Amino acid sequence: MFRLTRFRIIFIAVVVLAAFFFALYPGSVFGRSGWTPPLGLDLKGGTELTIAICKGPNDPPGAGCRQGLAPGEDLPSVQAATVTVLNQRVNQLGVSEAVVQPDGTDQILVQLPGVTDEQARATVGTTARLHFATPVAGAPPGCSSSGGCSQQQTLQLLAHPDAATSAFIGDQQNLYDPNCDSTDPAKFAQCQFNNQLYYPPGYHWKFDNNIDATDVTSATVGTDSTNGQIAVDINFNSHGAEEWAKITQAAYNVYTSNPSSPQAQIAIFLDNLVITAPTVQQGGQSNNTQITGSFTSDSAQTLANQISAGALPAQIGVVASNSVSATLGSQTVTASLIAGAVGLVIVILFMIGYYRFPGLLACAALLVYATVVYAVFKLFPVTLSLAGLAGFVLSVGMAVDANVLIFERTRDELRHGRSVPLAVETGFRRAFPAIRDSNISTIIACLVLGFLGFSVVQGFAITLGIGVLVSFFTAITVTRSLFAAALRWRIGRNPRAYTEIHEEYEQHPPKGRFDIVRSRNWFFLGSL
């Protein structure tokens, strides 16, 4: 016979009180704060990007691709490496509920709750490959050695790279923008601005292939020691530091004799744009540099995140974006909570109306179950999406299902003349194998969905799995303890509080009962 010992009372009381505390506590819980668990994109609002890996110029269309994969690279490995780098960028952005996952064979799906479309594109939607370049004497073909490229020559070089020599194109690493169009003033203004740094008079930039983003160990937001403005500090590894010392010393040697010479500069490219082309005023710098400019705190942090995340293995571009407003998310949360509350009330009314006194105990256990699950969601934390809420609601049904099995077995024992304590104990013992097996099968399904499914499916599997585990605990421990306590009361020992007693059941058997066993073959066929 199950006995309500002091240890069981203390254990259940601690679990219940802790669950209520963490569920209702609005302060910080393991680094998170607020009344609710973290919310997903569909509930909190944010941005969803579909990012394509470039396979060639303008392939796929609309992604702004200028070049494809490097020789020897294959798409699956590039996609996997790109997911890793984008995850690093997202982590540095501080979006803990973000999703970065492969989509097909050449795309990546990125979901960033609470992030605007502009911020998302700036952080993860650009290639942001870091290059260091030195000036090489010789203007691009057709450009003046003293005044640089004219407007028409600049546009020609950008839109039609074949107009330049192969050597120049090699130096530039195909850094042209096919979107530049002389008929579009806005595009031309941007192209003209960028190329004031692309092509200094009489020179053009050439990448230093001995140093790249893989040589950067960190990039952080700092302060310019000369004027106190916001800057970005870059630190190199030993290989990068050695090469950096060489190019800065060479530029400094020119600066000492001719400070205005372009050869006293070093250009820093981010993707195909020159971030800055500073004049080197101190030679032989070994392990660090500082990017200065008109930075804000946000723009400097974005740049530092992009640089420190490492180099992408291939060029990428955004092919689709979807912004979810916070207003829509809050409306969805409200509607979901109302639906969940209505469903819970209906379940409570049914359990009490059909199972009488045991149904009342089950509802008390159900409230404990909901509180424990909510506390678990806040402690882990579990990101709640609409699919996650669906998994939670389904787990409520699983929790009720365990009680239904127990109560039906208890009723059956009472109808066969057993005493209430013996019927309750036998009902729990005989219902346990069915409860155990059904929960294990559900957990197996949750594991499969969690490991093999995508983000939405994974969220559903996680919340359902947590709910099933907690429902198993509450059905076997909490509900059973409530029964043990209730059996000390007169109403808890009254068989009529559970069902018809043995004599009444024999004299007036319920009508309309369905013979399940006789029709079993039809059920087997339907299941198949």
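Some values worked out for this structure:
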| item | result |
| --- | --- |
| Accessible surface, the stretch 329-426, averaged per residue in Å² (probe 1.4 Å) | 42 Å² |
| Estimated inter-spin distance, A364 and I440, nm [label 7 Å along Cα→Cβ] | 3.2 nm |
| Stretchable slack from L17 to Q290, in nm (0.36 nm times residue separation minus alpha-carbon distance) | 92.9 nm |
| Sorted peptide list for 423-436, 8-21, 386-399, criterion being average Cβ within 10 angstrom, highest first | 386-399, 423-436, 8-21 |
| Net lengthening on full extension, D74/S261 (0.36 nm per residue, minus Cα-Cα) | 63.1 nm |
| Protection proxy ranking, peptides 46-57, 220-231, 456-467, 478-489, average beta carbon neighbours within 10 Å, highest first | 456-467, 46-57, 478-489, 220-231 |
| Projected label distance in nm at R490 and N521, using a 7 Å step from Cα toward the beta-carbon | 5.5 nm |
| Label-point gap, in nm, between L394 and I352 - each point 7 angstrom along Cα→Cβ | 3.0 nm |
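The values are calculated or read from the model by the stated rules, or taken from the named source; none is laboratory data. Just so you know, these numbers come straight off a predicted model, no measurement behind them. Every residue, glycine among them, receives a Cβ derived from its backbone with ideal geometry; neighbour counts consider all protein chains shown. Calculation scope for accessible area: heavy atoms of the full protein, side chains included, ligands and nucleic acids excluded. Shrake-Rupley method; radii C 1.70, N 1.55, O 1.52, S 1.80 Å.
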